[in-house]
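Student: If you scroll down you'll find the structure; I have some questions about it.
The values are calculated or read from the model by the stated rules, or taken from the named source; none is laboratory data. The model shown is predicted, which means the values in this text are computed figures rather than measured ones. When we count neighbours, we look across all protein chains shown, and the Cβ atoms used for this are built from the backbone with ideal geometry, even at glycine.
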């Protein structure tokens, strides 16, 4: 039987650290997609490149205000740092899918969501589906 405290606080801290690392990895993916260097992002933020590196590796947590600044600089919504595609890593952890297809998929999604006309969205979706391999699910 678990104690009243259980393992809740430890689990929350672990999840929090994992989320910090995922957000950092997502910043890296978006920075690279923008073809920006660590130094370039650091300069725009007015901080040392080592600090950006610490954000990207999850060593340091990114505050909400700083995350908003990064999103503005990289021209992405803040929410995009929380929904980068992830896959199970070899070590049992979670790693970011850092592939051209994932980046392009995000670009397609953002472009699709910006289409205001419902008929054009339907047509765009039909076109994308027409490109699928008939064997795929």
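Student: Would you mention how many residues in segment 25-50 are farther than 16 Å from residue 74 by Cα and buried (at least 17 other Cβ atoms within 10 Å of the Cβ)?
Tutor: 0
Student: Quick check: is even one residue across segment 70-93 modelled with pLDDT of 90 or more, surrounded by 12 or more Cβ atoms within 10 Å (Cβ to Cβ) and over 17 Å from the mean Cα position of the chain (by Cα)?
Tutor: No, there is no match, as no residue in segment 70-93 is modelled with pLDDT of 90 or more, surrounded by 12 or more Cβ atoms within 10 Å (Cβ to Cβ) and over 17 Å from the mean Cα position of the chain (by Cα).
Student: Return the only residue of 53, 104 being in a helix (DSSP H, G or I) and modelled with pLDDT of 90 or more. Explain how you work it out, then say what you get.
Tutor: Working: 104 fails: modelled with pLDDT of 90 or more.
Matching residue, one of 53, 104: 53.
Student: Residue 28: part of a helix (DSSP H, G or I), outside the structural domain of residue 14 (by TED's automatic domain parsing) and modelled with pLDDT under 95, yes or no? Can you show your working first?
Tutor: Details: part of a helix (DSSP H, G or I): yes; outside the structural domain of residue 14 (by TED's automatic domain parsing): no; modelled with pLDDT under 95: yes.
Considered against the rule, which asks whether it is part of a helix (DSSP H, G or I), outside the structural domain of residue 14 (by TED's automatic domain parsing) and modelled with pLDDT under 95, residue 28 comes out as no.
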